[in-house]
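Peer 1: I am attaching a structure below and will ask some questions about it afterwards.
The values are calculated or read from the model by the stated rules, or taken from the named source; none is laboratory data. None of the values given here were measured: they were computed from a predicted structure. Here the Cβ positions follow ideal geometry from the backbone for every residue, glycine too, while neighbour counts run over all protein chains shown. Areas reflect the complete protein model, heavy atoms only, side chains present, ligands, DNA and RNA absent. Shrake-Rupley method; radii C 1.70, N 1.55, O 1.52, S 1.80 Å.
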Amino acid sequence: WTKWFDGAAAGLLPKNDIRAFWIPDPNGTDVVIAFGQKSPRLFDGRGMVTYDQNDLVRWDGTGFQLWFDGEDVDPKATSALAFDGLHVLDGAMAPPALSAAAGGSCQYFLLLSTSGDVRLPSYDATNMKVSGEDVLGFCMTQSGEKTRGQWMMVLDGSAEGMPANSTDSLSASPDGQTIYLTTRGVFNVAAAAGGHSMVYRYNVATGAFSGPVFSAAAQGIGAKVSGLQLEGEIAP
């Protein structure tokens, strides 16, 4: 084991709980973070700034900056929108229909899970009811303080038989066709069966679950895992 990011050295306090993260390059210093507590105050180029649970904040090795402003892409600006799972893919990995609805291309294709129920507009003009077992896709066309893009449902967890609010973290293969996730508790869906802090595989094309493919407890972590990033892909 190694410690990749020292939150205290970056100025985080114990209350600035990291609930999800994405590391663009494991050999670099940048990381995009979702916080579990509403409105942690951190120093960035504008001074002491308040961030919300629906924001994604980027650390560049020296300071923080707003990377994704949730209020810009949540028309109702609901306080219920909070993220507990995050992975970012190349924009070319977004489904064509989503890219077309967003104007033809995406800078990034974000995969996100929420910590509770929320309603969001889908790219196809329908209204999505999103729960904590689902995985959302977001075609980001503009990042920062004026975030722009379109939403879609990638994994409807309840339709697949997942327990309510069970998704606790996620990652994905480079092509986005395999989603890896951890769950809050006991998980028993199709060929996947186990407990919390285990990593399960979901095949986007077939809708099949399998695993676990990794157990944190078996590797010496006694605490519940709440964040995940997998580099590459685990062979079936």
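Peer 1: Can you tell me which residue among Thr141, Thr182, Thr147 is open to solvent by less than 60 Å² (accessible area, probe 1.4 Å), over 17 Å from the mean Cα position of the chain (by Cα), under 22 Å from Asp55 (Cα atoms) and modelled with pLDDT of 95 or more?
Peer 2: Exactly one of Thr141, Thr182, Thr147 is open to solvent by less than 60 Å² (accessible area, probe 1.4 Å), over 17 Å from the mean Cα position of the chain (by Cα), under 22 Å from Asp55 (Cα atoms) and modelled with pLDDT of 95 or more, namely Thr141.
Peer 1: Here's another thing I want to ask about it. Step by step: first the residues of region 192-216, then only those that are open to solvent by 70 Å² or more (accessible area, probe 1.4 Å) and of a type in the set (A, V, I, L, M, F, W, C), then the one that is nearest to Arg19 (Cα to Cα). Which residue is that?
Peer 2: Taking the candidates together, the pick is Phe214.
Peer 1: Let me ask something else. Exactly one condition in (1) under 19 Å from Phe5 (Cβ atoms); (2) open to solvent by less than 70 Å² (accessible area, probe 1.4 Å); (3) not hydrophobic (A, V, I, L, M, F, W, C) is false for Lys224; which is it?
Peer 2: Only one criterion is unmet by Lys224, namely (2).
Peer 1: Additional query: Which residue is nearest to Asp55 (Cα to Cα), if the candidates are limited to region 150-165 and must be among the polar types (S, T, N, Q) and at pLDDT below 95?
Peer 2: Here the residue is Asn165.
Peer 1: Further, regarding this structure: Checking Ala125 against (1) open to solvent by less than 70 Å² (accessible area, probe 1.4 Å); (2) assigned to a loop (DSSP other than H, G, I, E, B), only one condition comes out false. Which one?
Peer 2: Only one criterion in (1) open to solvent by less than 70 Å² (accessible area, probe 1.4 Å); (2) assigned to a loop (DSSP other than H, G, I, E, B) is unmet by Ala125, namely (1).
Peer 1: Here's a follow-up. Would you be able to tell me the number of residues in region 83-105 that are over 21 Å from Leu170 (Cβ atoms), open to solvent by 40 Å² or more (accessible area, probe 1.4 Å) and touching a strand residue (DSSP E or B) at 6+ places or on another chain (Cβ under 7 Å)?
Peer 2: 2
Peer 1: Hey, Ile234 hits all of (1) outside any strand (DSSP E or B); (2) within 17 Å of Leu86 (Cα to Cα) but one; which does it fall short on?
Peer 2: Here Ile234 clears every test but (2).
Peer 1: Scan region 202-226 for residues that are in a loop (DSSP other than H, G, I, E, B) and either under 15 Å from Ser166 (Cα atoms) or among the aromatic types (Phe, Trp, Tyr) (or both) and report the count.
Peer 2: Total satisfying the criteria: 3.
Peer 1: Enumerate the pairs (first residue in region 220-236 and at positive phi; second residue anywhere and surrounded by fewer than 17 Cβ atoms within 10 Å (Cβ to Cβ) and assigned to a loop (DSSP other than H, G, I, E, B)) with beta-carbon separation below 8 Å, excluding pairs fewer than 6 apart on the same chain, so at least 6 apart or on different chains.
Peer 2: What qualifies is Gly220/Trp1; Gly232/Pro174.
Peer 1: I would also like to ask the following. Which one of these is open to solvent by less than 10 Å² (accessible area, probe 1.4 Å) and at pLDDT below 95: Asp175, Asp168? Talk me through it step by step, then tell me what you get.
Peer 2: Working: Asp175 fails: open to solvent by less than 10 Å² (accessible area, probe 1.4 Å).
Unique residue meeting the criteria: Asp168.
Peer 1: Which of the residues that make up region 102-121 are within 15 Å of Leu155 (Cβ to Cβ) and at pLDDT 95 or above? It would help to see each step written out before you state the result.
Peer 2: Of region 102-121, the ones within 15 Å of Leu155 (Cβ to Cβ) are 109-114, 120.
Phe109, Leu110, Leu111, Leu112, Ser113 - these are the residues of region 102-121 that are within 15 Å of Leu155 (Cβ to Cβ) and at pLDDT 95 or above.
Peer 1: Then there is this: Checking Ala80 against (1) crowded, with 21+ Cβ neighbours inside 10 Å; (2) under 16 Å from the mean Cα position of the chain (by Cα); (3) not in a strand (DSSP E or B), which single condition isn't satisfied?
Peer 2: Every condition holds for Ala80 apart from (1).
Peer 1: Among the strands (runs of 3 or more DSSP E) lying completely within region 23-76, list those that include at least 3 residues that are of a type outside the set (S, T, N, Q) and at pLDDT below 90.
Peer 2: Result: 41-44, 47-50.
Peer 1: While we're on this one: Among Gly85, Gly70, Gly63, which is the only one that is among the small types (Gly, Ala, Ser) and in contact with a Gly (Cβ under 7 Å, 6 or more places away or on another chain)?
Peer 2: Just a single option satisfies the conditions, and that option is Gly63.
Peer 1: Could you count how many residues in region 9-22 are open to solvent by less than 80 Å² (accessible area, probe 1.4 Å) and at pLDDT below 90?
Peer 2: 5
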